[in-house]
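Enquirer: The structure's right below; bear with me while I get my questions together.
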Amino acid sequence: MGASELNKQAPNIFVWLLLLGMPFWLPAIGGYTELGTRAVVLGLAAMSLNFLLGYTGVLSFGHAAYFGLGAYGVGMTIRYLMPSTIVGILVGTLVGTLAAAIIGPLIIRLRGVYFAMVTIAFGQVFFFIAFRWNSVTGGDDGLSGWTRLPLDFGFASIDIQHNARAFYYFVLVVFALSVGAMAWLLRSPFGRTLIAIRENEQRARFLGIPVDQHIWISWVISCCFVSVAGALYALLNNFIDPRALYWSQSGDFVIMAVLGGMRSFWGPLIGAAIFVVLQDYLSSQTENWMSFVGLFFVLVVLFFPRGVLGVIRRKVTS
Amino acid sequence: MSLLRVENVSKQFGSLVAVNEVSMIVEPGELCAVIGPNGAGKTTFFNMISGFLRPTTGRIVFDEEDVTLLVPARRVWRGIARTFQITEVFPELTVRENLRIPVEVAAGYRLSPWLSRDTDTKIRARVSELMDMGGLASKADRLVGELAHGDQRATEIMMALALKPRLLLLDEPTAGMGDQETYDITQLIRKLHREQKLTIVLIEHDMRVVFHLADRIMVLSEGAMLAEGTPQQIAANEAVQAAYLGKAAA
Ligand SMILES: Nc1ncnc2c1ncn2[C@@H]1O[C@H](COP(=O)(O)OP(=O)(O)OP(=O)(O)O)[C@@H](O)[C@H]1O
Ligand SMILES: [Mg+2]
């Protein structure tokens, strides 16, 4: 590994070290492990959204639907089908991904605001199902009466149920696999076609890229990983309610991505961390914490359109 | 056997007939120029061949296959590549990246999540070859948006070429260029035509370029085909002189 390669990898190494050490340094500065877990889970959601938003140039305002499907998928699997955390995650992810794959062809021809609006509309459909279908989803009260379970490998078992640190590292492993897969894809020929579409859709089309098909695939990948995040979110809370599917939750993901910087790979994670910390701190101070987050968001967008990480990157390179 | 047959195509925008019953045959290895005054319908004509627009009536046959209703990407796969009157590139990517994308698409890897080391080496080599040919090697890692206009146009031509087209459509390749840049691009096009036997149709306003390059010229005026022939025939054609060359010379 040459010096320039090391330079390129430096931010990645830095982020991974921070994440690996989180349960140790976070309490030292006044946080707690669950807060870190929350940041990583929502970070995964925002990074998944950003696969579509930042790297394909397509804005979805409906990702909460697939986040919520992943969450209900894991909760309902553990409650009704099979007491296994891993199986639950797989089912949740599968359900979210399938829903996205089926809805995809109906929406990928749309662009811009129209695409965003239709993703909201489909998201609200899932919200109302979760909200109304009391007997199965628990309706407005949410789905309770289940918890995440220890990982049982036969020869060994890891108690992610009671040990917050163990759960954090479990989440981090799933996060690493997901984020690693997305980074891998973005560096592949397929990933480059997405960037081509983001940069100049017309040029991409006339270079022989069937743009709608590629957007569909990008959408499905993005929704797949956001449902992974949703599943982890339900496991973190041992609970899930319809608010996780509400369109304002989709808005939160967009805010996280834009806040952190949607042109950088790690930006949305930073955005999610800021969001989670602000929420944790402000919500104990005031009912109206969201208006402060909103104000902060507006300031960032006005003065640092490339997001928080965009600013840091410019400082480093200049 | 002709490579491209355009049969009586028309395009109507509302009440405006932008292209009116135009036909054209292009033989393999030919270089045809389409000329005509502003608003004559030249770009609209190209747009129908490349799939940007569907003809109101008429048929487009490429290599004995009716492509009239195919979407642009499918026409590219069959071998039709184009550039635009107003440069269409990826301005925030480097020259290398701009070329790599079409090279990968042409090699059939657009959906690949992975490339073998071998393939990667081949693709890099092909990108370098294209940059050398287009005189872009020294700017390989510059963002295309930061390059001079001429280099952006050259990048766009090389991107189209990266697709290994059988028919290359160039919409005013020298538009907005200085004399030196015009000369360079003209030499490049000539080389592609002569050495690689590439079939090219180009729209061009610069008559020096047209007469220097073209085997055959077709003249559009107000959407209709005014004349068609060798450069000598076109230069001698009175109707053309009245409608177009006269104006350009005056
Ligand atoms: N998408 C469109 N909608 C409506 N009118 C159009 C459209 N595209 C072109 N036109 C009209 O069709 C006519 C032909 O335009 P076209 O761009 O084909 O001309 P051109 O010969 O390429 O001209 P120039 O030399 O200026 O590039 C013009 O009157 C133009 O305004
Ligand atoms: Mg034109």
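Enquirer: Which of (1) within 16 Å of ligand 2 (Cβ to nearest atom); (2) in a helix (DSSP H, G or I) is the odd one out, the single condition B:A73 does not satisfy?
Expert: Of the numbered conditions (1) within 16 Å of ligand 2 (Cβ to nearest atom); (2) in a helix (DSSP H, G or I), the odd one out for B:A73 is (1).
Enquirer: Could you please find all residues in segment B:150-184 being hydrophobic (A, V, I, L, M, F, W, C), within 12 Å of chain A (Cβ to nearest Cβ) and closer than 16 Å to B:H205 by Cα?
Expert: B:L169
Enquirer: Okay, moving on. Condition (residue is away from ligand 1 (no atom under 16 Å from the Cβ), buried (at least 22 other Cβ atoms within 10 Å of the Cβ) and within 10 Å of chain A (Cβ to nearest Cβ)) applied to segment B:114-132: is it met by at least one residue? I'd like the intermediate steps shown before the answer.
Expert: From segment B:114-132, those away from ligand 1 (no atom under 16 Å from the Cβ) are B:114-132; that's our starting set.
From the residues that got through so far, the ones that are buried (at least 22 other Cβ atoms within 10 Å of the Cβ) too are B:127, B:130.
So of that shortlist, the ones also within 10 Å of chain A (Cβ to nearest Cβ) come out as none.
No, segment B:114-132 has no match at all.
Enquirer: Being away from ligand 2 (no atom under 16 Å from the Cβ) and β-branched (V, I, T) narrows it down to one residue among B:V61, B:V34, B:V22; which is it?
Expert: Working: B:V34 fails: away from ligand 2 (no atom under 16 Å from the Cβ); B:V22 fails: away from ligand 2 (no atom under 16 Å from the Cβ).
One residue alone meets the criteria, B:V61.
Enquirer: Condition (residue is in contact with a Ser or Thr (Cβ under 6 Å, 6 or more places away or on another chain), under 23 Å from B:E156 (Cβ atoms) and assigned to a helix (DSSP H, G or I)) applied to segment B:189-211: is it met by at least one residue? Steps first, answer last, please.
Expert: So in segment B:189-211, the residues in contact with a Ser or Thr (Cβ under 6 Å, 6 or more places away or on another chain) come out as B:206, B:209.
Imposing the further condition that a residue be under 23 Å from B:E156 (Cβ atoms) reduces the set to B:206, B:209.
Applying the additional criterion that residues be assigned to a helix (DSSP H, G or I) yields B:209.
Yes, segment B:189-211 has at least one match.
Enquirer: Please determine, by comparing only the residues of segment B:80-99 that are at the interface with chain A (Cβ under 10 Å from one of its Cβ atoms) and within 15 Å of the chain's Cα centre (by Cα), which one is surrounded by the most Cβ atoms within 10 Å (Cβ to Cβ). Even if it seems obvious, please write down each step before you answer.
Expert: Initial filter on segment B:80-99 (at the interface with chain A (Cβ under 10 Å from one of its Cβ atoms)): B:80-84, B:87-93, B:97-98.
Filter once more, so that each one left must be within 15 Å of the chain's Cα centre (by Cα): B:80-84, B:87-89.
Working: B:I80: 29, B:A81: 25, B:R82: 26, B:T83: 27, B:F84: 23, B:T87: 17, B:E88: 21, B:V89: 22.
By that ranking, first place goes to B:I80.
Enquirer: Filter segment B:45-57 down to residues that are under 13 Å from the mean Cα position of the chain (by Cα) and of a type in the set (S, T, N, Q) and give me whichever is nearest to ligand 2 (Cβ to nearest atom).
Expert: Filtering segment B:45-57 for residues that are under 13 Å from the mean Cα position of the chain (by Cα) and of a type in the set (S, T, N, Q), the one nearest to ligand 2 (Cβ to nearest atom) comes out as B:N47.
Enquirer: Residue check: is B:L163 more than 16 Å from ligand 1 (Cβ to nearest atom), closer than 30 Å to A:L186 by Cβ and out of contact with any strand residue (DSSP E or B) (no Cβ under 6 Å at 6 or more places or on another chain)? Can you show your working first?
Expert: Numbers: more than 16 Å from ligand 1 (Cβ to nearest atom): yes; closer than 30 Å to A:L186 by Cβ: yes; out of contact with any strand residue (DSSP E or B) (no Cβ under 6 Å at 6 or more places or on another chain): no.
Spelling it out, it is not the case that B:L163 is more than 16 Å from ligand 1 (Cβ to nearest atom), closer than 30 Å to A:L186 by Cβ and out of contact with any strand residue (DSSP E or B) (no Cβ under 6 Å at 6 or more places or on another chain).
Enquirer: Still on this structure, I have one more. Restricting attention to segment A:199-211, which residues are assigned to a helix (DSSP H, G or I) and either facing chain B (nearest Cβ under 9 Å) or in contact with a His (Cβ under 9 Å, 6 or more places away or on another chain) (or both)? Give the steps one after another, and end with the answer.
Expert: In the first step, residues of segment A:199-211 are kept if they are assigned to a helix (DSSP H, G or I); the result is A:199, A:201-205, A:211.
Once the filter is applied, which keeps residues that are assigned to a helix (DSSP H, G or I) and either facing chain B (nearest Cβ under 9 Å) or in contact with a His (Cβ under 9 Å, 6 or more places away or on another chain) (or both), segment A:199-211 yields A:E199, A:Q202, A:R203, A:A204, A:R205, A:V211.
Enquirer: All but one of (1) touching a Phe, Trp or Tyr at 6+ places or on another chain (Cβ under 6 Å); (2) closer than 30 Å to A:P189 by Cα; (3) modelled with pLDDT of 85 or more hold for A:Q213, so report the exception by its number.
Expert: Result: A:Q213 fails condition (1) only.
The values are calculated or read from the model by the stated rules, or taken from the named source; none is laboratory data. Note that the coordinates shown come from a computational prediction; the quantities given were computed from them, not determined experimentally. Quick reminder, even Gly has a Cβ in these numbers, built from the backbone with ideal geometry, and neighbours come from all protein chains shown.
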